[in-house]
Amino acid sequence: MASARQGFRLILASASPRRRELLAQAGYAFAVEAADVNESEHEDENSAEYVLRLAEEKAQAVFARHVTEAEPLVVLGADTTVVCDGEILAKPKDVADAKRMLRRLSGRTHEVLTGVAIATSVGLVSGVETTSVTFSAIPETELDFYCATNEPMDKAGAYGIQGYAARWIPRIDGDYYNVMGLPIARVVRLIEDALANSQQP
């Protein structure tokens, strides 16, 4: 059911509990449907193009399942990655990979990019949000402790800013919620743009 206040049905095309929490925090009523898309990088694709493509593919894949529905439908797709020296640091394959990523980020500044896409009956609106994140040096003992937990394993760059890794992050430049995986202010603007487009004659 669409929210009476919203006037449309919203579906989050992601199983991420962090995105679910942030979207609810922003006051939206929504359903959750994970999108099954191939997240491999394309050759000669930069990080912004990568996250934008995946966000769009996720939104389109879920929208296609509901294309015959009569009520106004909005599908939100998102994809987040960490970039350091031009290298995309996606979710780690294992503990060794998580340690490699975090050693790379230790004592340096990197970027977090989230592609956001909104699919409606008239097409897509989308964009990329970028936040710079500065890490202090990570002691090896803390790195070992952190990587022995499950926390790094399902996160781009092997860390979550809202978890234990916050102790290593003295500064960010940009949207904090983007680093969590969903830049809420950007999402709200894109949903408004998508709805405005769908109401045009």
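A few comments on the model shown:
- Computed about the Cα centre, the dipole magnitude for segment 9-199 is approximately 560 debye when only Lys and Arg (+1) and Asp and Glu (-1) carry charge, each at its Cβ.
- Kirkwood-Stokes translational diffusion coefficient of the chain, alpha-carbon pairs, 4 °C, 1.567 mPa s, µm²/s: 74 µm²/s
- Normalised by residue number, the volume inside the convex hull of the Cα atoms of segment 1-107 is 126 Å³ per residue.
- Rg/Rh (Cα only; Kirkwood hydrodynamic radius) as it applies to segment 112-158: 1.22
- Virtual spin-label span in nm between SER40 and ALA24, 7 Å along Cα→Cβ: 3.6 nm
- Largest-first principal axis extents, alpha carbons of segment 113-201, Å: 61, 24, 14
- Counting only whole DSSP H helices of the chain, the ones at least 20 Å long by C-alpha along their axis and with mean Kyte-Doolittle hydropathy no lower than 0.0 are 184-199.
- Helical mean residue ellipticity (222 nm; -39500 (n - 2.57) per DSSP H run of 4+; nearest 500) of the chain: -10500 deg cm²/dmol
Since every read-out is calculated from the coordinates, none of them should be taken as a lab result. No experiment lies behind these values; they were computed from the predicted model shown. Positions of Cβ are backbone-derived with ideal geometry, glycine not excepted, and every protein chain shown enters the neighbour counts.
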